[in-house]
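Below is one structure, written out as C-alpha cells; comments come after it.
Only the coordinates and a few stated rules stand behind these numbers; no lab work does. Computed from a predicted structure; not experimentally measured. Cβ placement follows ideal geometry from the backbone for every residue including glycine, while neighbour counts extend to all protein chains displayed.
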2 protein chains.
Amino acid sequence: MILSKSCEYAIRASVFVAMKSKEHNRVGIGEVSEAIGSPRAFTAKILQTLVRKNILSSAKGPSGGFYLENADSLYLIDIVSATDGNGLFVSCVLGLRACSETQPCPVHARVKPIRDQLLTEFSNKPISDFVADLEKGKYHLK
Amino acid sequence: MILSKSCEYAIRASVFVAMKSKEHNRVGIGEVSEAIGSPRAFTAKILQTLVRKNILSSAKGPSGGFYLENADSLYLIDIVSATDGNGLFVSCVLGLRACSETQPCPVHARVKPIRDQLLTEFSNKPISDFVADLEKGKYHLK
DNA sequence: TTAATAGAGGACAAATTTGTCCTTTATTAT
DNA sequence: ATAATAAAGGACAAATTTGTCCTCTATTAA
C-alpha cells in the first residue's frame, strides 16, 4: 500500500466531486461515499480537512454539499501532500534520520529517480483530465 | 514513508548481520539494535520473524546470535515481501478492490511502470553488494 | 420565523502498528 | 551437572490510523 486509506478516499472523492461539479454543482457526502464505496462518516472527516486546506469547497444547508471550481488547477500531488505529506517522495526509504545526498543510506541514490518519476506522474495531470477519462468510461472509482 | 518501520529495521538489521557474518559469524540483538539505532526488543521480534521465514539464521546460547550464510542470494525484495508483503508493487494505488488491467483505476497504467522499476531495483542487487559498499564507507545504517 | 437540510466538529471506539517486559527454551563452557 | 548466555515467545502497553456517533452551526425554502 503506497498511500494511506485516507488519501485513497480523498483522491477518489475529489475526482467524483470534480465530475459532479461540472453538472449540478454540489454533491452531498452520502452520494460521495456511496459512489466511491467508502465509509460515510470517515469520508466526511476527510473531505472536511480537504475543505480546510482549500482543495475542495463546501456549502452548508439545503442544496449544499461539496464542490470544486477549478479542476484544471488541482493535481493529484496536491491531494496526496495534503493528506499524507511528502514523505513518499523525500523521506529515507530505510528510515535514517541523517540520510542525504552526502550521507546516503544504501538505497538512496537508486530509489531517488524512481520516486521523482512518481512525483512527476502525480504532478502533471490535472484532476479535470481524470474526470474526462472517467466520463468516457475508461476508469472506475469503486 | 514507503516501507513500514518494521521493514526499515529489518533491512538495516539484515545488512548489518550480513556484514558481521563475514567475520566472526554471529551477532547478538544488542549489538544489532545499537548499530542500526533501533529499539532493541522490537528489533528482536522482527529478526525473530525473519529467522522463521528463513531469511536470517540464529543460534541460542553463549556465542550464539544472528547470522547470514548466503548474502549473495538474499535480495532486498525478499526482506520487503517477508515483512510488508507485495502490496507496494501490486495493490491498487487508490485502494480499489477490482482494479486491474481491464478495469483500471485512474492512475493504474501510469504508475505500473514506476512500481515495476522499484521492484526491479529491489530485486537486482544482493545484500552482499550492500555490505561491500558499506565497508567502503559509502553508506550508513544509522 | 420556522422547519428541514447538510456540512463542521468533538468525543469516542476499533484496528493496526510500534514498542516493552518478563519468562521459557536451547546451547555453551566450566 | 550447573551456571551463564542468548534467542524464542507470550502478554501487555503506547501510538497511530481508521472509523462511528451525536450535537452544533449555517443556510435555504416555505
Notebook entry, point to check: Which value in deg cm²/dmol, rounded to the nearest 500, describes the helix-derived mean residue ellipticity at 222 nm for chain A, given -39,500 (n - 2.57) per DSSP H run of n ≥ 4 and division by the residue count?
Noted result: -16500 deg cm²/dmol
Notebook entry, point to check: For region A:1-85, what is the relative contact order in percent, using Cα pairs closer than 8 Å and at least 6 residues apart in sequence?
Noted result: 38 percent
Check: For peptide B:11-22, how many partner chain Cβ atoms fall within 10 Å of a residue's Cβ, on average?
Finding: 1
Notebook entry, point to check: Given label points at 7 Å from Cα along Cα→Cβ, what nm distances, shortest first, separate A:Ser6 from the same residue in every other copy?
Noted result: 2.2
Margin query: In whole Hz and in residue order, list the ³J(HN,Hα) couplings for region A:92-109 that follow from phi through the Karplus curve 6.51 cos²θ - 1.76 cosθ + 1.60, θ = phi - 60°; x for Gly and Pro.
Written below: 3, 4, 9, x, 7, 4, 8, 4, 7, 4, 7, 10, x, 7, x, 10, 3, 5
Notebook entry, point to check: Over the protein assembly as shown, with a single point scatterer placed on each C-alpha, what log10 of the ratio I(q)/I(0) does the Debye formula yield at q = 0.07 1/Å?
Noted result: -0.33
Next item on the list: Apply the Karplus parameterisation 6.51 cos²θ - 1.76 cosθ + 1.60, with θ equal to phi minus 60°, to every residue of region A:67-78 and state each ³J(HN,Hα) to the nearest whole Hz, in sequence, with x for glycine and proline.
Entry: 7, 9, 7, 10, 5, 7, 10, 10, 10, 3, 4, 5
Notebook entry, point to check: Given H placed on each backbone N at 1.01 Å, which residues far from A:Lys125 in sequence or on other chains put an amide H within less than 5 Å of it?
Noted result: A:Leu76
Checklist line | Teacher prompt: B:Gly85 distances to equivalent labels in other copies, 7 Å Cα→Cβ, nm | finding: 2.4
Notebook entry, point to check: Other chains' Cβ within 10 Å of B:1-10 residues: what's the mean?
Noted result: 4
Notebook entry, point to check: If contacts are Cα pairs under 8 angstrom and at least 6 residues apart, what is the relative contact order of chain A in percent?
Noted result: 29 percent
